[in-house]
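Structure first, commentary second.
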Amino acid sequence: MTARGSIAAVAIGRNEGERLVRCLSSLQGQVDRIVYVDSGSTDGSVAEAKAIGALVVSLDTATRFTAARARNAGFEALRDDELPEFVKFIDGDCEVQNGWLPTALEFLRSNPDVAVVCGRRRERFPEASRYNQMIDEEWATPVGEASACGGDAVMRVTAFEEVGGFNPDLIAGEEPELCVRLRAAGWRIWRLDAEMTLHDAALMRFGQWWTRARRAGHAYAEGASLHGAPPERHNVAQTRRALVWGAAIPLFAVLGLLITPWALLLLLAWPAQVIRLILRGEDAQSALFLTLGKLPEALGVFDYHLRRLFHRPSQVIEYK
């Protein structure tokens, strides 16, 4: 049974430090309850969360950590009392913007067929690195009815329970996968034209960006494996682009050298793609990284399928 009109928050994190303090503080006074789920932090996050007044759930370290598992654990902890009507899921490196929760709740109450609402997530320090800036641009998705949400969203509890929550086995891409099941059940997803959260990616090095892109490729492949059949075709296009640009073109160019040196001309497809993206409106750096990112994405796709072939569980891919 749910308490009509009530809202709780589930925050997840690991060694987020001051970012977690900002996150939980931004929820105080805006939700009825705060649950913080910790995935093996060693930086005092648990103590900080308790000091702020959050109910803390510490995940068993003997089982693989995933964001999906953590969010489900936080939701289950809400059952200690009457379940709220709505729950705000949020990552521990995010801070809720003023006005977001009232806006989200008003929309959900006015639209009973909507399961999830999200808004504009922004990077806190986009100027700190080119990688942060690209992530900020990545968050600028169209408003209106959407196919998926991200890690920050307000969800209707009845809808979340109906489809069984997040898939705890996914190491990434768990939110879009949940939204696939919600839409299949007749629910709608909506992105509002409203400021939602500030996110602190702390993406300062090329290696972090590469790892994040590899994780995205893994998520594309796993999502396509689960829901790639028509009519959904979930992540099929993203997986195909990763394989074509990040694997097929360079592989055929190298193997083609066994026949003719002209095979290297295949690699001209890459600069041609960069130019195409620039003509489409991307700046030069974004176009370059969007094209280059297909290499680690392809590696993530291969990693998923190799692990699946040999029946090995996927490992969490952390970039910070």
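Data overview
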quantity: Pair list, Cβ under 6 Å, 6 or more apart: the stretch 247-260 residue closer than 23 Å to residue 299 by Cα, other residue of a type in the set (A, V, I, L, M) and open to solvent by 40 Å² or more (accessible area, probe 1.4 Å); calculated: 249/266; 252/266; 253/264; 253/266; 253/267
quantity: Filtered residues of the stretch 262-320 (kept if small (Gly, Ala, Ser), in a loop (DSSP other than H, G, I, E, B), open to solvent by less than 60 Å² (accessible area, probe 1.4 Å) and under 19 Å from residue 130 (Cα atoms)); calculated: 293
quantity: Residue satisfying all of: in the stretch 175-229; modelled with pLDDT of 95 or more and acidic (Asp, Glu); least open to solvent (accessible area, probe 1.4 Å) among these; calculated: 177
quantity: Unmet requirement for residue 83, which otherwise passes all of (1) of a type in the set (A, V, I, L, M); (2) open to solvent by less than 30 Å² (accessible area, probe 1.4 Å); (3) over 27 Å from residue 119 (Cα atoms); calculated: (3)
quantity: Close pairs from the stretch 93-107: first in contact (Cβ under 8 Å) with a residue 40 or more places away in the chain and under 29 Å from residue 15 (Cα atoms), partner part of a helix (DSSP H, G or I) and among the charged types (D, E, K, R), Cβ under 6 Å, at least 6 apart; calculated: 93/19; 95/22
quantity: Residues within the stretch 159-169 that are closer than 23 Å to residue 315 by Cα and either in contact with a strand residue (DSSP E or B) (Cβ under 6 Å, 6 or more places away or on another chain) or modelled with pLDDT under 95 (or both), tallied; calculated: 2
quantity: Matching residues, the stretch 131-159, being more than 17 Å from the chain's Cα centre (by Cα) and surrounded by fewer than 17 Cβ atoms within 10 Å (Cβ to Cβ); calculated: 143, 144, 145, 158
quantity: Residue ranges of helices (runs of 4 or more DSSP H) in the stretch 1-96 with at least 2 members of a type in the set (Lys, Arg); calculated: 18-27, 67-77
quantity: Hits in the stretch 128-145 (condition: charged (D, E, K, R), within 14 Å of residue 204 (Cα to Cα) and touching a residue at least 60 places away in the same chain (Cβ under 8 Å)); calculated: 130
quantity: Strands (runs of 3 or more DSSP E) enclosed by the stretch 121-223 - at least 3 residues per element that are touching an Asp or Glu at 6+ places or on another chain (Cβ under 9 Å) and over 30 Å from residue 247 (Cβ atoms); calculated: 188-199
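The values are calculated or read from the model by the stated rules, or taken from the named source; none is laboratory data. Here the structure is a predicted model, which is why all the values come from computation and not from measurement. So basically every Cβ, Gly included, is an ideal-geometry build from the backbone, and we count neighbours across all protein chains shown. We work out accessible area using only protein heavy atoms, side chains counted, and drop any ligands, DNA or RNA first. Shrake-Rupley method; radii C 1.70, N 1.55, O 1.52, S 1.80 Å.
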